[in-house]
Amino acid sequence: QVQLVESGGGLVQAGGSLRLSCAASGRILSINTMAWYRQAPGKQRELVAVITSGGTTNYADSVRGRFTISRDNAKNMVYLQMNSLKPEDTAAYYCQANLRVPGQFYTLDYWGQGTQVTVSS
């Protein structure tokens, strides 16, 4: 069974930094894209950043230039370095991986449980 586990969330003052990590474990054949989403109270979940297996990245306009997504393919991990944090970045952050497991000829999206990021003003 595949598991995605996030870590690194917490409380930080505006202007500060945090680094989120997400580890994918289990019987995994391959991972395509890995991404970070976030969901603030009363709002829809939104894409923050995505990275392909080849390292191509894309970001939401609201975080471009402040956040950096990276991954370690050998360890099945994805990271999100968040700098210059703002109160509006406060949300639960979720890791997502599009991957294939043994016995399947297609990929599926798997999600972590989320980690809370709170930015105080």
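The values are calculated or read from the model by the stated rules, or taken from the named source; none is laboratory data. No experiment lies behind these values; they were computed from the predicted model shown. In this analysis, Cβ positions are derived from the backbone assuming ideal geometry, glycine residues included, and neighbour counts consider all displayed protein chains. With ligands, DNA and RNA removed, areas are computed over all heavy atoms of the protein, side chains included. Shrake-Rupley method; radii C 1.70, N 1.55, O 1.52, S 1.80 Å.
DSSP bridge analysis restricted to the stretch 1-108 gives an antiparallel fraction near 95%, rounded to the nearest 5. Straightening the chain between Gln39 and Arg64 buys 7.3 nm, computed as 0.36 nm per residue apart minus the Cα-Cα spacing. Couplings for the stretch 51-59, taken from phi via the Karplus curve 6.51 cos²θ - 1.76 cosθ + 1.60 with θ = phi - 60°, read 9, 7, 5, x, x, 6, 10, 8, 9 Hz in order; Gly and Pro are left as x.
FRET efficiency for the Ile28 to Gln81 pair, using the beta carbon distance and R₀ = 25 Å, is estimated at 0.55. The label point for Val5 and the one for Arg100, both projected 7 Å from the Cα toward the Cβ, are 2.7 nm apart.
With Rh defined as the Kirkwood radius, the inverse of the mean 1/r over Cα pairs, the Rg/Rh of the stretch 48-99 is 0.96.
Computed from point charges on the beta carbon alone (+1 for Lys and Arg, -1 for Asp and Glu), the dipole magnitude for the chain about its Cα centre is near 120 Debye.
Protein heavy-atom accessible surface, 1.4 Å probe, per residue over the chain: 54 Å². When the solvent-accessible area of the chain is split by element, carbon and sulfur atoms take up 46 percent of it, the probe being 1.4 Å. One decimal place: the segment Ser121-Ser53 gains 20.9 nm when fully extended, by the rule 0.36 nm per residue minus the C-alpha distance. Working ranking of peptides 52-60, 91-99, 27-35 by packing, defined as the average number of other Cβ atoms within 10 Å per residue, highest first, is 91-99, 27-35, 52-60. For the stretch 54-83, the list of trypsin sites (Lys or Arg not before Pro) that fall in a loop by DSSP and count at most 12 other C-beta atoms within 10 angstrom reads Lys75. Close amide H contacts of Ile28 (hydrogens built in the peptide plane, cut-off under 5 Å, sequence separation of 5 or more or a different chain): none are found.
The ellipsoid that matches the Cα gyration tensor of the chain has semi-axes, each √(5λ) in whole angstrom, of 26, 14, 12, with the longest given first.
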